[in-house]
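Worksheet for the structure shown next.
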Amino acid sequence: MADFDQELDASGLNCPLPILRTKKTITKMEAGQVLRVIATDPGSVKDIEAFCNQTGNELVSSGEEGGKFVFMIKKS
Amino acid sequence: MAGTEKVAMICTKGTLDWAYPPFILGSTAVALDKEVSMFFTFYGLNLLLKDTSKLRVSPAGNPGMPMKLPYGPEWLRKIDWAPKLPNLFMNNMPGFEWAASKMMLQSTKNHGVASVEELREMCQEFEVKFLACQMTVELFGYEHSDFIDGVEFVGASTFFDEAGDASKTMTLYL
């Protein structure tokens, strides 16, 4: 079973697109739901963290899978 | 949430390369839940025109710009042509500005960077306020119909009113 409600593949996109797509997707979700974001932009590691800091959403996890960056964000 | 609640920007530059910072920062700031106003004046007005095809990179007098080919094999792409081409040549060679602009557009595509139009649309979708300086609109002989929809034509005092309380607003001059 997947432990997330929605997935966003931002592979190949560069700053600031992964953040903008994340914002657009999470806006449509409900509080408590989890969004899984996949990105290839190395800047996204710090940027997704900053996004969560600023917006109050919770960064559940951040890691690397098969050369890509994977984030789990829980909507506040 | 602590910190900045609003971001106010003054955008004064009208080249293709300098079109990026305002729209990147504007769209990102809204994504981080800030309220954003962008005031476009002088050459910055170019960034709000319906037709963005006149936006160009200016290699003339720009020693900071590397000139790398966005096409061809890896070894060729790695060469930085800028120090090899005298600035005098870049200033006077017809078509050089056009070529540099084409190369920049190709590079942005190669690297998954959004287009200026795409970022601008994103700003509008996120409800960034676009303010155009009415005085420079007249100075440069533009009509309101030259600009995209949703632009407000205002003066300097509106900018200060938008920027408002400095303890809550970050003001950027670009």
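Quick note: the coordinates plus some simple rules give every number you see, no bench work behind them. As the structure is a prediction and not an experimental result, all values here were calculated from the model. Quick reminder, even Gly has a Cβ in these numbers, built from the backbone with ideal geometry, and neighbours come from all protein chains shown.
Here are the numbers for this structure:
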{"item": "Tail beyond 30 Å, pair distance distribution of the protein assembly as shown (Cα, percent)", "result": "38 percent"}
{"item": "Coil-residue GluC sites (Glu not before Pro) of chain A, DSSP, other Cβ within 10 Å capped at 16", "result": "A:30"}
{"item": "Cα gyration tensor shape for the range B:60-150, rounded if a/c is under 1.5, else prolate or oblate", "result": "oblate"}
{"item": "Residue-averaged [θ]222 nm for chain B, counting only DSSP H segments that reach four residues, each worth -39500 (n - 2.57)", "result": "-10000 deg cm²/dmol"}
{"item": "Shielding by partners - mean other protein chain Cβ count within 10 Å, residues of B:20-32", "result": "4"}
{"item": "Rounded to 10°, Cα long-axis angle of helix B:96-110 versus longest principal axis of chain B", "result": "70 degrees"}
{"item": "Cut-off 15 Å (backbone N to label point 7 Å along Cα→Cβ of residue B:125), residues of the range A:34-76", "result": "none"}
{"item": "Dimensionless Rg over Rh [chain A; C-alpha; Kirkwood]", "result": "0.92"}
{"item": "Listed residue pairs exceeding 30 Å between alpha carbons, taken from A:68/B:84; A:46/B:168; A:23/B:109; A:68/B:13; B:6/B:78", "result": "A:68/B:84; A:68/B:13; B:6/B:78"}
{"item": "Under-5 Å amide H pairs with residue A:8, H placed in peptide plane, nonlocal only", "result": "A:36, A:37, A:38"}
{"item": "Per-residue Cβ neighbour rank within 10 angstrom, fewest leading, B:120, A:36", "result": "A:36, B:120"}
{"item": "Label-point gap, in nm, between residue B:174 and residue B:102 - each point 7 angstrom along Cα→Cβ", "result": "2.8 nm"}
{"item": "Cα-based helix-to-principal-axis angle, B:20-31 vs chain B, degrees rounded to 10", "result": "40 degrees"}
{"item": "Residues with amide H under 5 Å from that of residue B:7, placed H, sequence gap 5 or more", "result": "B:35, B:36, B:37, B:170"}
{"item": "The range B:29-51 residues near the modelled residue A:27 label - backbone nitrogen below 14 Å, point 7 Å along Cα→Cβ", "result": "B:29-36"}
{"item": "Separation of alpha-carbon centers, the range A:26-76 and the range B:139-154, rounded to whole Å", "result": "38 Å"}
{"item": "Net charge dipole size for the protein assembly as shown [Lys, Arg +1 and Asp, Glu -1 on Cβ; Debye, nearest 20]", "result": "820 debye"}
{"item": "Burial ordering of B:24, B:148, A:73, fewest other beta-carbon atoms within 10 Å first", "result": "B:148, B:24, A:73"}
{"item": "Förster radius 51 Å - calculated FRET efficiency between residue A:5 and residue B:81, Cβ distance, rounded to 0.05", "result": "0.55"}
{"item": "The range B:68-174: GluC sites (Glu not before Pro) in DSSP coil with no more than 16 other Cβ atoms inside 10 Å", "result": "B:127, B:143"}
